[in-house]
Every structure is written in C-alpha cells, then in structure tokens.
Amino acid sequence: MTNSPTIEELSHEDRIFPPPEEFAAQANAKADEYDKAAADRLGYWAEQAKRITWDTPFDTVLDWSDKPTAQWFVGGKLNAAYNCVDRHVENGLGDRVAYYFEGESGDTRTITYADLLREVSKAANALTELGVKTGDRVAIYMPMIPETVFAMLACARLGAPHTVIFGGFSSSAIADRVKDCGVEFVITADGGYRKGKPSGLKSVVDEAMEDCPEVRNVLVVRRTGQDIDWNDDRDLWWHDVVDRQSETHTPEAFDSEHPLYIMYSSGTTGKPKGILHTTGGYLVGTSFTHWAVFDIKPETDVYWTAADIGWVTGHSYIVYGPLANGATSVLYEGTPDTPHRGRWWEIVEKYKVSILYCAPTAIRQFMKWGRDIPAKFDLNSLRLLGSVGEPINPEAWMWYREHIGGNRCPVVDTWWQTENGSILISPLPGVTATKPGSAMRPLPGIVADVFDDEGNSVEPGNGGYLVVKEPWPSMLRTLWGDEERFQKTYWSQYPEVYFAGDGAKIDRDGDFWVLGRVDDVLNVSGHRMSTAEIESALVAHPKVAEAAVVGAQDEMTGQAIEAFVILRESAADGGDDVVAELRNHVRSAIGPIATPRSIMLVPDLPKTRSGKIMRRLLKDVAEKREVGDVTTLADSSVMDLIQKGVSES
Ligand code: WT7
C-alpha cells in the first residue's frame, strides 16, 4: 500500500512543517479566522458574502427549514458572470489578464478582463438569438480553450444552467447526461489537441445526438480545423453566430438560489448523479476558499489549476473562484508530457506561476520521471502548492514540497467533493503547521467530524466516516430530478448530517486524515467512477454473462480498475482477444479513464447466499493478498477456482 497511508503509518508521521514566517506575515487568512467563525458561524459567512456584489442584498444568511436542502443568502439577487467579469472592468481592472491560454501545440492567447467581458457578452447575445432562455440547460463538451469559459459565463449571464461534460467522455455518456438534464442546446468544438494530435469532439457529439432528438442546435467552435460532418438543420459555427454579435450585454440579476450548473458525478449505482449548484452560496464558497486557501493576491499572483474544466476542480478553481477574485490564471489545454516531460515546468517558468494546484496522480507521475526534469526550469516564482482529488501519500507530498516547491512553499492538501462545491478541509497556508498526507482542519465556517456507525464522534486515532454537521454555502442543493436519491445518498445515514462517503480519522492533535471511499465509488487518478457503471458497461457486451469490478491499489493512479468477467458459454473459449475487445468496449462505452487495468476471465463470482457479490474478496485477489473470510459465501470453492485461474494466467 503506497498510496493511502495506513493507520500505522499515520500515527508515526511526526514531520511537521510550520508556515514560513515570511509567508505567514503576508497571508490573507490569519489565525483568528477560526475563532471568528466559531463565535458566529453565520455572521462569518455573511462577512464572506461581501466578496460578492449583490444586486439586491440578502436578508437571511441561511434558511435550513426545508432540510436537507439549504438556502443561502435568501432574498439576495446577483449575476454570477457580472461578479466574475463586469465588476472588475468597472473597477478599472479591464487590462488585467484573466487568462494566459497555452495550447498544447504552443499557440497562446492572452485574455484580459476587458476581452472576457466582450467575449462573454457576444456569446450571451448569440445564445439569446438562438433561443436559449433563463432556466434552459445547456450542455458544453469542449477542450480546454478560452471559448469553454466564454460559453459557461454566457450561460451564467442568462441564468441558463450549464452542464459541462468532460471531453474524455464517450457519446453514450453525453447522451445520458443530455437526456437526464433535458438539454436542447449543445456547445462543442471540432476537436482539441491531446498528446500531440487533434482529437475529435464534434464526431462524438454527432454520435450522441442520434439518441437525442430534443437537441435543437449544436454550436461548434473551430479549434483544430479537422474535417467534421455537418448537419445543416442543427449545427452552427460559433464564429458565424458569435462574432457578429454586439459586444455589450446587460446582465440580469437572479435569485441567490437560482441554479448555476449541474455537474454529473459517479455514485454507487450505474447512473451518474446530476449535482446541482446554485448561484450565491457557490460564488461565496469558491471566492472565499480561493482567497483563504490559495492566499490569492490578484495584483501579483499567477495562479494555475492544472485540471480540466470538465471536472468540479476546473469549475471552482479555474473559472468561478479565480474570476470572482479578479485573479490571473493559466489555462493549459494539453497533457504534461507533450511535447516533452518538462511541459508543466516550462509553463511555470514562462508565466512565472506563483500558485500551482494539481492532483497527487500527476505528482507521482513526475516523481517517476525524475527530479532532473523540473530541476532544469526556474521554479522560483512558486510560493504555494496545492493538492486535490485523492489522498496524497506522504512520499509524494514530500517530493512535491522539495522538488517543485524548493522546500519554501507551503503545501495545502485540500479535501472536498463535487457535492461540496469548494474546499472544506485544508490547511490555511499562513497559519497551519502541515503534516505530509493530512488535509489538516475543516476551514473556518465548516463543521466536519468523523463518526462511528452509531453517529458518535470517534476517539482520536480511530477510523470512521467523514461527515459535515452544519450546512455550508457551496453545498449541493439536490440531485437533478432525483430528490429521493439526494436524501438517501447523503442524509440517511445520520439525521441532518451530511455523509461524504469517505473514511477518515482524526489524530491526537485534531488533524484529519482522509483515507478514501467507503462505498463502491472508485477514484482513478482523482476521477470518480462507480463499480456499477463499469459493470453495466461490461454486461452490455454480448459476450459477457456477468461482471464484477473492484478498485485495486495502484502506485500511479491511486486506484486502478480490475474487472472479473464470466463469459457467456457461446464465447467461452476466451483468450486475449476477448480481453482486448472488452477493454475497448468499456473505453468506448464510458471513456478512456474507465478502461480496466486488467480483466480476469473467471468461471464464477463470489456471492453471498442472498446473491450479493463480495467485492472485498475480489479486491484481495486484485491486490495479491491472502483472501479474507469466505465463510459467508454461498459456495466457498469459488475463490479457489478464481485464484487457480489467476495463478495460471
Ligand atoms: C472524492 C471526491 C474535489 C475535486 C476533485 C474530486 C476524494 C478529493 C481529496 C483529498 C483525500 C480526496 C474523496 C472524495 N478526495 N480530495 N485531498 N484527500 N481524498 O472530486 O470527483 O467529487 O471526488 O475524491 O474520496 O470523496 P470528486
């Protein structure tokens, strides 16, 4: 087990890094934030809400009467795009750079706040012309280019919630989301650059649209210039429609609880959950955390979240948080090793990036490539490093601190989820002495704990379930179209307490250690997938009779997907071809990130007498451990057969 620290490892972790004095002296968040928030939590959040410009001030900070759906900043009205763009220009900051865009192939664009205002206004006018109205859902399937941000903010400006679909997802994933969300308007690009080649996006949308007759228009940005199919009745070029629009647009103020976006994320069933975020609370949460955790100084910092906008990390810390704070960000289209393995460090050097936020899986990849690569670049501009997406093993944390941060930058390990909207547990970089591998403390205003099965706080050092005991502004409000699942997933374990689905422990100093999911949700390179989602893709293949999927420890990706498959009798001669065929099948059904690391063809699966697959035993096999207790299996010889098969293959 190299990735998530074991309880034993944790209790021996005695390296502590206090914030450098110089950093602490200039830090945004001081130690008294905790006391202020503890003394008057809602008053503290009302204070944070001043970061936002309200068209109509709110009268109630929190209305929690309709539990578990919270309403924040009730009575307030605002426009999210106005807060991210217009007000900075009105404040004379139009010339400040909002984004340094760096294409994978080296093309660049510098976009100021004044540029952003023009582009977002034009896009909003175009969407209006094309019939997009307040409340309509718009799907966005794009590469990492500035138009993705323009499109999101144009939607926000009109109060049309966007649902951004990660550009690595398959056509059926698009179709599922479009249908679940009732989308009638899609924005995409011909393609994007990935690993040195143009990848197709429009072609994937075309395939999805065969299943989505309700979609009236597909608006297409030209990025790569590759050949694409065209449907004259449906498809429109972005440059044809957007370029000729007026550069001004008057934003309308919406209710604080007006839906801002829906982001689909995997749960424990095959069907992704449409996590709904609303406007006021989400903007307060993202701008506050971007200020407190990343210590942003918008006048001088160059901030870089090296994640995809298609995930919540990109929504909150490439788009809404940094823009609400008037920050300058880097937007990078490509992968870390194209055209060479020093690409990220070249970008840090070029733009003098001062704050970098990325995932442990990337850090482990860089570790593997070796310290010599970052050492070739000038990384002295960096002053703060962040990590997100999965538990960071102390070894990777130390490497990041030393070889990227030059032992001078505080490292903040930030715990949160798509559902949370913004960071909930993290050190404050100028305040908290950090321990490698720990996300440390709930932020001021956040009340988190670790519970046992009965809902009691566990004793220090014992493991339990991570919970949040009070609502917070950027929390999800519901699951789109499925209030019942919302209540069941997050609020049924403990009354009026948010159940995160993560295992955690609190050490003797009161610091949190997040240990990973306790349900059937996998975390591969910081991306969430459910075992059920991959299993249902597998059983949809004509050669598969039954399938079980587990997440096994993987040095690089945190977890890796291991599938156990029973073939139908007609396909039972098996062989490598079937395995390759099934791997490709999952890849095209869900997307490359869901490709199993291995698929084992097995004669049977371990099941309880009630027919439930015991994934725990398969996990033992996948992680090459001695198989645990088999006494509750309906047929205990099954495990012998599986193991025999594994050792022969
Ligand atoms: C799950 C949420 C929030 C953006 C990225 C992922 C895991 C996330 C950490 C961390 C340990 C972490 C949890 C969580 N996770 N950050 N710092 N330490 N685990 O968002 O796809 O909604 O996944 O990621 O297991 O439940 P997501």
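When restricted to residues that are crowded, with 24+ Cβ neighbours inside 10 Å and away from the ligand (no atom under 11 Å from the Cβ), region 406-426 contains 1. The residue that is farthest from ILE534 (Cα to Cα), counting only those in region 242-275 that are within 16 Å of the ligand (Cβ to nearest atom), open to solvent by less than 20 Å² (accessible area, probe 1.4 Å) and of a type in the set (S, T, N, Q), is SER265. Among residues of region 565-614 being without any contact (Cβ under 8 Å) to a residue 24 or more places away in the chain and part of a loop (DSSP other than H, G, I, E, B), the one that is least open to solvent (accessible area, probe 1.4 Å) is MET614.
Yes or no, residue by residue, for (1) of a type in the set (Val, Ile, Thr); (2) without any contact (Cβ under 8 Å) to a residue 60 or more places away in the chain:
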{"position": "TYR193", "(1), (2)": "no, no"}
{"position": "SER199", "(1), (2)": "no, yes"}
{"position": "LYS202", "(1), (2)": "no, yes"}
{"position": "MET209", "(1), (2)": "no, yes"}
{"position": "THR224", "(1), (2)": "yes, yes"}
{"position": "GLU247", "(1), (2)": "no, no"}
{"position": "GLU252", "(1), (2)": "no, no"}
{"position": "MET263", "(1), (2)": "no, no"}
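Screening region 308-339 for residues that are closer than 18 Å to ARG528 by Cα, open to solvent by 10 Å² or more (accessible area, probe 1.4 Å) and outside any helix (DSSP H, G or I) and picking the one that is nearest to the ligand (Cβ to nearest atom) gives TRP311. Within region 540-562, the set of residues being open to solvent by 30 Å² or more (accessible area, probe 1.4 Å) and assigned to a loop (DSSP other than H, G, I, E, B) comprises ALA540, PRO542, LYS543, GLU555, MET556, THR557. Scanning region 498-521 for residues that are open to solvent by less than 30 Å² (accessible area, probe 1.4 Å), of a type outside the set (Gly, Ala, Ser) and near the ligand (Cβ under 10 Å from one of its atoms) yields ASP502, PHE512, TRP513, VAL514, VAL521. Checking SER265, SER256 one by one, the residue that is among the small types (Gly, Ala, Ser) and touching a Pro at 6+ places or on another chain (Cβ under 7 Å) is SER265 and no other. A single member of ALA537, ALA532 is away from the ligand (no atom under 12 Å from the Cβ), under 21 Å from the mean Cα position of the chain (by Cα), in a helix (DSSP H, G or I) and within 29 Å of ARG587 (Cα to Cα), and it is ALA532.
Here TYR100 clears all of (1) closer than 30 Å to ILE590 by Cα; (2) assigned to a strand (DSSP E or B); (3) under 22 Å from the mean Cα position of the chain (by Cα) except the condition numbered (1). No other residue among LYS50, LYS36 is over 26 Å from the mean Cα position of the chain (by Cα) and within 21 Å of ALA324 (Cα to Cα) apart from LYS50.
Matching residues to (1) polar (S, T, N, Q); (2) within 13 Å of the ligand (Cβ to nearest atom); (3) touching a Cys at 6+ places or on another chain (Cβ under 9 Å):
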residue: VAL348; (1), (2), (3): no, no, no
residue: VAL353; (1), (2), (3): no, no, no
residue: TYR357; (1), (2), (3): no, yes, no
residue: ALA362; (1), (2), (3): no, yes, no
residue: MET367; (1), (2), (3): no, no, no
residue: GLY370; (1), (2), (3): no, no, no
residue: SER381; (1), (2), (3): yes, no, no
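Can you say whether VAL450 is assigned to a strand (DSSP E or B), closer than 23 Å to ILE16 by Cβ and in contact (Cβ under 8 Å) with a residue 40 or more places away in the chain, as far as the supplied structure shows? Yes. Checked against (1) open to solvent by less than 10 Å² (accessible area, probe 1.4 Å); (2) more than 20 Å from PHE23 (Cβ to Cβ), PHE294 passes all but a single condition, namely (2).
The values are calculated or read from the model by the stated rules, or taken from the named source; none is laboratory data. What you see is a predicted model; the values in this text were computed from it and never measured. Glycine also receives a Cβ, built like all others from the backbone with ideal geometry; neighbour counts cover every protein chain displayed. To get the accessible areas, we keep the full protein, side chains included, count just its heavy atoms, and leave off ligands, DNA and RNA. Shrake-Rupley method; radii C 1.70, N 1.55, O 1.52, S 1.80 Å.
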